[in-house]
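Have a look at the structure below, then the notes.
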Amino acid sequence: MARSTTQVPAAPGQVEERAKSRKLSALSALLPFVWPYRALMFAAIAALVLTALISLALPLAVRRVVDNFDTANSHILDQYFAAALGIAALLAIGTGLRYALVTRLGERVVADIRKAVFGRVIGMSPSFYENVMTGEVLSRITTDTTLILSVIGSSVSIALRNLLIFVGGLALMLLTSAKLTGLVLLIVPAVIVPILVLGRRLRVLSRENQDWIAASSGNASEALSAVQTVQAFTHESASRAQFSEVTELSYDAARRRIWTRALMTVIVIFLVFAGIVGVLWIGARDVRAGDMSQGALVQFVIYAVMVAGGVAALSEIWGELQRAAGATERLVELLHTEDTVSDPETGQSLPVPVTGRIAFEDVTFAYPARPKVNALNAVSLQIEPGETVAFVGPSGAGKTTIIQMLLRFYDPNSGKITLDGLDLSMLRRDDFRKAVALVPQDPVIFAASARENIRFGRLEATDDEIEAAAKAAAAHDFISALPDGYDAYLGERGVMLSGGQKQRIAIARAILRDAPVLLLDEATSALDAESERAVQVAVDRLSEGRTTLIVAHRLATVKKADRIVVMDQGRVVASGPHDELVAEDGLYARLARLQFTDGMAAE
Ligand code: ADP
């Protein structure tokens, strides 16, 4: 929750800081995504150039028609118009083709970008998510990619087309009348200056707008994912107010952006057309004086209008391109974030089968979010294959951190952690994690069937294996009793299951995984006696023959463990079997008296 409140005021600061680096060149980062479809791209460019050339050629034809209107015979006139029809057809086909090619290219590239970004963030270690809200990541995957879609799918091609028209039109204007063109060019600086000045402001504003949108969806997703807590604490109106504040801020930023852009459009269009009218005026006098043919003036005017239209379109597209440049920057930032944990190029290989010997050698670690507090302080531990070790200690002692370090969600600041004698940082994460099964404290249930939820433990498992795992986890009976049995849909986050049932699903998953190392974070909440017993039986079966690390909250669990490791403030303060530790009458004896839930029902 704390993160959402810091996130909200943080956004504008980020805007100021990040906006400066934003340039259109950021769009070049899209090239690697476009390159695989270069054939499509070049075909689109060809269609685009073709239509631009045809547009540029049309005024030449118009001039001939106008100048020969009185003299030419009707036969030649017919030919001109027939040719014009043919050209119209070409123009239509070319434009349609360009649209189809360009839009398809855009959709294709954006689909690839979405996949690449998701592929990247799903593998990021947890410290990444401590700094970035998931809603923000989602907004980058959806909103930012949509912006890029609009750029590749239309803006770039409109810009390119107008650029061609602008350059070509200008050259042809020059050929038609150098004098009038010179006059037109005098106007250009007057148009460029407001574009540059307002354009810069627009860039900052649109980045701000985007950041606020991201902040608001981050805020919403957090509140929605905790909707029960929000309602239980009657926090709805506060949540509404919070969301409405961020949303209004994003609207404000949008409003300022819109006004700036509108102002820019007004200034640019007025200057352009005022200039053209002035030039026409002079042109009209030249025609009267006989210095220029009527057709030439008409041709010049058409080119001038085309060039002006090109400039106007470019100025409008400019802002959009910049918005997309910002979006690209954010996505590329995401794609290139260095993970705090990284795999070696070629990892060492674990012995087959993995025996499950674990060692912590003088491990000291502080979470990146709290670098000053050591969550683990010079921890050394040896755990033999097949041994069951229970970790106990007051809350905040570092028990869960041990589990997280073993999964290599974080790297130690000093010391090392080994599995079968190999340093975890020398192994590829997806490799050694195959040897590890995790039963988290608060098991995650996905919005899928019971069967699929268990299959999560090992994707290639057969239905029979799933059922066997469920039986071993004492989950078979309650699953069979569900309306559709194993095909029963468990609802988002398992809303249809009790705590004990969720745990047994998680245990079945771990059984199915059949890994030599088992990490178990026992639920703190007490279960009813029957669930308790069922879970206990399942855990016993699961830990048989595996190296098992349990963050224990129940007396029954610690009594069964081969060894108990007592932790306090990131240190191992005692270790040994239950009776020995009780006899020492230290922290453990106190905890055993006060803190453990009984769990005796399972005995
Ligand atoms: P336990 O499981 O024994 O209750 P933990 O291992 O969860 O304790 O926590 C050990 C210490 O690390 C605590 O002081 C806790 O506040 C801190 N801590 C845990 N997770 C994080 C995190 N993601 N970022 C910063 N500090 C954390």
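The values are calculated or read from the model by the stated rules, or taken from the named source; none is laboratory data. None of the values given here were measured: they were computed from a predicted structure. We place every Cβ from the backbone using ideal geometry, glycine too, and count neighbours over all the protein chains shown. Accessible surface is based on the protein model in full, side chains and every heavy atom, while ligands, DNA and RNA are left aside. Shrake-Rupley method; radii C 1.70, N 1.55, O 1.52, S 1.80 Å.
Using 7 Å Cα-to-Cβ label points, what is the D514/V352 separation (nm, one decimal)?
Each label point is offset 7 Å from its Cα along the Cβ direction, giving 1.4 nm.
If you take the charge dipole of the chain about its Cα centre, with +1 on Lys and Arg Cβ and -1 on Asp and Glu Cβ, which of V389, G153, T134 is farthest toward its positive end?
G153
Using the Kirkwood radius built from alpha carbon pairs, what does the Stokes-Einstein equation give as D for the stretch 27-336 at 25 °C and 0.890 mPa s, in µm² per second?
Translational diffusion coefficient: 107 µm²/s.
How much of the DSSP beta bridge set in the chain is antiparallel, as a percent to the nearest 5?
Here the antiparallel bridges make up roughly 50 percent for the chain.
From the gyration tensor of the Cα coordinates in the chain, what semi-axes in whole Å does the equivalent ellipsoid have, largest first, with each one equal to sqrt(5λ)? Walk me through the numbers before you get to the answer.
Values: eigenvalues 986, 128, 92 Å².
Equivalent ellipsoid of the chain: 70, 25, 21 Å, largest first.
Starting from the Cα of A481, step 7 Å along the direction of its Cβ; do the same at W35; then give the gap between the two resulting points in nm.
Output for this residue pair reads 6.0 nm.
Leaving out ligands and nucleic acids, note down the accessible area per residue over the chain with a 1.4 angstrom probe, in whole Å².
Values: 29650 Å² over 603 residues.
For the chain, the per-residue accessible area is 49 Å².
Please report the spacing between the Cα centers of the stretch 66-112 and the stretch 448-518 in Å, no decimals.
63
Under 19 Å Cα-Cα from K559, which lysines qualify once same-chain neighbours fewer than 8 residues away are excluded?
Hits, sequence-local ones excluded: K399.
Can you tell me how the stretch 37-80 classifies by the Cα gyration tensor, rounded, prolate or oblate, using a/c under 1.5 as the rounded cut? Provide the component values of the computation, followed by the final result.
Details: a/c = 9.76, a/b = 3.73, b/c = 2.62.
It comes out prolate by the Cα gyration axes.
Which percent of the accessible heavy-atom area of the chain goes to carbon and sulfur, probe 1.4 angstrom?
Answer for the chain is 61 percent, counting heavy atoms of protein chains only.
Report the one residue of A308, N377, I113 whose Cα lies farthest in the direction of the positive end of the charge dipole of the chain (charges on C-beta: Lys and Arg +1, Asp and Glu -1; origin at the Cα centre).
In the chain, that residue is A308.
Under a plain spin-label model, where a point goes 7 Å from the Cα along Cα-to-Cβ, how far apart in nm are L85 and A238?
The modelled label-to-label distance comes out at 7.5 nm.
Kindly rank 407-414, 184-191 from highest to lowest mean number of other beta carbons found within 10 Å of each residue.
407-414, 184-191
Which residues' amide hydrogens lie under 5 Å from the amide hydrogen of L490, considering only partners 5 or more residues apart or on another chain, with H built in the peptide plane?
For L490, whose amide H was placed from the backbone, the distant partners under 5 Å are A448, S449, A450.
Using a Förster distance of 45 Å, how high is the FRET efficiency between V287 and I93, based on the Cβ-Cβ distance and rounded to 0.05?
Numbers: r = 36 Å, r/R0 = 0.81.
So the FRET efficiency works out to roughly 0.80.
Mind computing the radius of gyration and Dmax over the alpha-carbon atoms of the stretch 358-597? Å is fine for both.
Rg, Dmax (Cα atoms, Å): 18.1, 53.
What list of ³J(HN,Hα) couplings, whole Hz, do you get for the stretch 192-203 from phi and the Karplus terms 6.51, -1.76, 1.60, once you set θ to phi - 60° and write x for glycine and proline?
Rounded to whole hertz, the list is 5, 4, x, 4, 5, 5, 5, x, 4, 5, 4, 4.
For the stretch 328-368, what does the equivalent ellipsoid look like in terms of its semi-axes, each the square root of 5 times an eigenvalue of the Cα gyration tensor, given largest first in whole Å?
32, 18, 8
How much solvent-accessible surface does D442 expose, in Å² to the nearest 10, with a 1.4 Å probe and all protein chains in place?
Estimated to the nearest 10 Å², D442 gives 110 Å².
Using the Cα centre of the chain as origin and beta-carbon charges of +1 (Lys, Arg) and -1 (Asp, Glu), tell me which of A474, A448, V49 is placed farthest towards the positive end of the dipole.
Farthest towards the positive end: V49.
What residues qualify as long-range amide H neighbours of L497, i.e. H under 5 Å apart, gap of 5 or more or another chain, H built at 1.01 Å from N?
The list, which skips near neighbours in sequence, is empty: none.
Under a Cβ-only charge scheme (Lys and Arg +1, Asp and Glu -1), can you give me the dipole magnitude of the chain about the Cα centre, in debye to the nearest 20?
Computed charge dipole of the chain: roughly 2620 debye.
So, taking all protein chains as they sit and a 1.4 Å probe, how much accessible area belongs to I93, in Å² rounded to tens?
Accessible area, nearest 10 Å²: 110 Å².
For the full complex of protein chains and a 1.4 angstrom probe, list R98, R571 by accessible area with the highest value first.
Working: R98 35, R571 115 Å².
Descending accessible area places them as R571, R98.
Which length gain, in nm to one decimal place, applies between A116 and V62 when the Cα-Cα distance is subtracted from 0.36 nm times their residue separation?
Answer, rounded to one decimal: 14.4 nm.
Using a 1.4 Å probe, how large is the accessible area of F81, given in Å² and rounded to the nearest 10?
Rounded to the nearest 10, that gives 120 Å².
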